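Participant: Here it is, the structure, as structure tokens.
The values are calculated or read from the model by the stated rules, or taken from the named source; none is laboratory data. These numbers were taken from a predicted model, which means no experiment stands behind them. Positions of Cβ are backbone-derived with ideal geometry, glycine not excepted, and every protein chain shown enters the neighbour counts. Each accessible area value is taken on the protein alone, full model and side chains, heavy atoms only, with ligands, DNA and RNA left out. Shrake-Rupley method; radii C 1.70, N 1.55, O 1.52, S 1.80 Å.
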Amino acid sequence: MKIWDKGFDNDPRIDQFTVGRDRELDLLLAPYDIEGTMAHITMLSEVGLLSKEDLEKLLPELGKIRQEALEGRFVIHGEDVHSEVEERLGALGKKVHTGRSRNDQVALDIKLFTRARMARTIKKVEELFTLLLKRADELKDVLMPGYTHLQVAMPSSFGLWLGAYAECLCDDLVQLKAAWEINGRNPLGSAAGYGSSAPLNRSRTTELLGFKDLAYNSIYAQMGRGRTELAVANAYASLSATLGRFANDCCLFSSQNFGFVQLPDAFTTGSSIMPQKKNPDVFELVRAHCNRLQGIPADIRLLCANLPSGYFRDMQLLKEVYLPLFERMDACLDILILALPDMQVATDLMSLPLYEQAFCVEEVNRLVSDGVPFRDAYRQVGKAVQEGTFHFKGALHHTHEGSIGNLCIEEIRRRFNGILGQFAGL
């Protein structure tokens, strides 16, 4: 039975088109829909719209259904998760919708789902960040060539390279924090976008559901559909850019032409025709998934760009675009966390003649320290390179913050932890 049933039947083709993938996607939202209903009826009882006796019967039953949903045993037979829950509750189920609309129910479900999945992602980001800094510290003295324009430029180190991505995660965490704040406003009680004449206590459901604050204006609460998803998707796109770029580095650096890093055999795949191949497919797929994730904000914008205020069924399609992004991101994080500890690096790269010109700036700075003006030293070293007589036999002296001799690992760690500590209710 449809929860909006008015005594007439729709054409089945209309039902099929309008329901779309809702039954499938609502299974992801089911535990949160039930959690929202439990908070809502608790509030209804407290304001006198539901008897204490009915509440005491409903809460245990809802708890059982929620457990089924958490364990993957919940099945949707009807139109969607909302109608399924009401029907499972029998006659008392007719009382749980007072003061609500499916509009604020769905908005709430998505926010609760997002909070839970963001918390999981943030824990994985923290794990990857810690691992990157750990490996950066282990490899801080192992030199590698740095590149600009894919041309050999200056000496770098594996520690500097890995530490750079750790600091990128600090920026990504700032964007995740902003999205966390936007998501942390309770829309429940805004009903269809214009509030309710029922004497609801929205502050109470905000407290029961663990939100930091309300989405106060009822129209704004509905306009949060799409806005919240876009804020979260933008934050995940930023994180995707970091992970995808790192994966691309790993693909490049693991090729025989570079030979900087190597994965254990168990992390590579082979070729059906070339017996020598050990392909870094895990990094290639992380790169591909992250590229797709960076396109999701554009999809969300296109779905919502020309909508007036109020609710429209267009928003249903947001779920298809939005809900899967969390699983995809977490899978990429898991793979990098798995692969990074066992990734081996070449330890003698800078002794190869191929990379000797990376030390040109070192020689320029050595001459400057001996009193030669910078531009004269620059021309002198450039002339030696052109004539094929350039050789660098000195020692490296990099001491400033963020150089290969001073990675500022603890400073980067403090920055990340300072941002992480700002997440309310994580």
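Participant: In whole Hz, what ³J(HN,Hα) sequence does the range 400-409 give by Karplus (6.51, -1.76, 1.60; θ = phi - 60°), x for Gly and Pro?
Facilitator: 3J(HN,Hα) across the range 400-409, in whole Hz: 6, 4, x, 9, 5, x, 7, 6, 6, 4.
Participant: So what is Rg over Rh here for the chain, counting just Cα atoms and using Kirkwood for Rh?
Facilitator: On the way: Rg = 28.3 Å, Rh = 25.3 Å.
For the chain, the value is 1.12.
Participant: Something else now. What aspartates and glutamates does Lys212 reach when the alpha-carbon gap must be under 12 Å and sequence neighbours fewer than 8 apart in one chain are set aside?
Facilitator: Leaving aside aspartates and glutamates fewer than 8 places away in the same chain, those within reach of Lys212 are Glu181.
Participant: Ok, one more. Classify the range 221-374: rounded, prolate or oblate, from the alpha-carbon gyration tensor (a ≥ b ≥ c, eigenvalue square roots; a/c under 1.5 rounded; otherwise prolate if a/b is larger than b/c)?
Facilitator: On the way: a/c = 3.84, a/b = 1.74, b/c = 2.21.
Here the range 221-374 falls in the oblate category.
Participant: Among Gln357, Pro308, Pro324, which residue has its Cα furthest toward the positive end of the charge dipole of the range 294-406, with +1 on Lys/Arg Cβ and -1 on Asp/Glu Cβ?
Facilitator: Pro308
Participant: Still on this model: Output the 0 to 90 degree angle, nearest 10, between the alpha-carbon long axis of helix 102-138 and the longest principal axis computed from the alpha carbons of the chain.
Facilitator: 20
Participant: Please report, for the Cα atoms of the range 314-426, the Rg to one decimal and the Dmax as a whole number; what are they, in angstrom?
Facilitator: When restricted to Cα atoms, the range 314-426 yields Rg and Dmax of 23.9, 70 Å.
Participant: Checking the table Lys124/Lys177; Lys111/Lys319; Lys57/Lys95; Lys123/Lys177; Lys134/Lys393 against a 20 Å threshold on Cα-Cα, which pairs fail? Let's see the in-between values first.
Facilitator: On the way: Lys124/Lys177 15 Å; Lys111/Lys319 12 Å; Lys57/Lys95 12 Å; Lys123/Lys177 13 Å; Lys134/Lys393 31 Å.
In this structure, Lys134/Lys393 exceed 20 Å between Cα atoms.
Participant: Mind computing the radius of gyration and Dmax over the alpha-carbon atoms of the range 105-210? Å is fine for both.
Facilitator: Spelled out, the Cα radius of gyration and Dmax of the range 105-210 are 22.2, 70 Å.
Participant: How much mean residue ellipticity at 222 nm does the chain get from its helices, if each DSSP H run of length 4 or more adds -39500 (n - 2.57) and you divide by all residues, to the nearest 500 deg cm²/dmol? Show your work: numbers first, answer last.
Facilitator: Values: 15 runs with 244 residues, N = 426.
It lands at -19000 deg cm²/dmol.
Participant: As I understand it, the dipole of the chain uses +1 on the Cβ of Lys and Arg and -1 on the Cβ of Asp and Glu, about the Cα centre. Which of Ile404, Phe253, Val96 lies farthest toward its positive end?
Facilitator: Val96
Participant: With only Lys, Arg, Asp and Glu charged, each at its Cβ (+1 for the first two, -1 for the last two), find how big the charge dipole of the chain is about the Cα centre; round to the nearest 20 debye. Show your work: numbers first, answer last.
Facilitator: Details: 48 positive and 56 negative charges, 133 e Å.
The calculated dipole for the chain is roughly 640 debye.
Participant: Compute the long axis of helix 281-293 from its Cα atoms, compare it with the longest principal axis of the Cα atoms of the chain, and write down the angle in degrees, 0 to 90, nearest 10.
Facilitator: So the helix axis and the longest Cα principal axis differ by about 50 degrees.
Participant: Considering only protein heavy atoms and a 1.4 Å probe, what is the carbon-and-sulfur percentage of the accessible area of the range 147-240? Write down the numbers at each step before the final one.
Facilitator: Details: 2050 of 3760 Å².
The nonpolar share, carbon plus sulfur, comes to 55 percent.
Participant: Okay, next question. To test your reading of the geometry: what angle, between 0 and 90 degrees and rounded to tens, separates the Cα axis of helix 374-387 from the longest principal axis of the chain?
Facilitator: 80
Participant: Now for a different question. Using a 1.4 angstrom probe and counting only protein chains, how large is the accessible area of Phe258 in Å², to 10?
Facilitator: About 40 Å², ignoring ligands and nucleic acids.
Participant: Collect residues whose amide H, placed 1.01 Å from N in the peptide plane, falls under 5 Å from the amide H of Val142; neighbours closer than 5 in sequence don't count.
Facilitator: It is Phe158, Gly159, by chain and number.
Participant: Is the range 170-287 rounded, prolate or oblate when judged by the Cα gyration tensor, a ≥ b ≥ c being the square roots of its eigenvalues, rounded requiring a/c under 1.5 and prolate requiring a/b larger than b/c?
Facilitator: On the way: a/c = 4.29, a/b = 3.64, b/c = 1.18.
Since a/c reaches 1.5 and a/b is larger than b/c, the shape of the range 170-287 is classed as prolate.
Participant: Give the shape of the range 112-168 as rounded, prolate or oblate, defined through the alpha-carbon gyration tensor: a ≥ b ≥ c are the square roots of its eigenvalues, a/c under 1.5 means rounded, and otherwise the shape is prolate if a/b is larger than b/c and oblate if not.
Facilitator: Numbers: a/c = 6.34, a/b = 2.27, b/c = 2.80.
Judged from the Cα gyration tensor, the range 112-168 comes out oblate (a/c at least 1.5, b/c at or above a/b).
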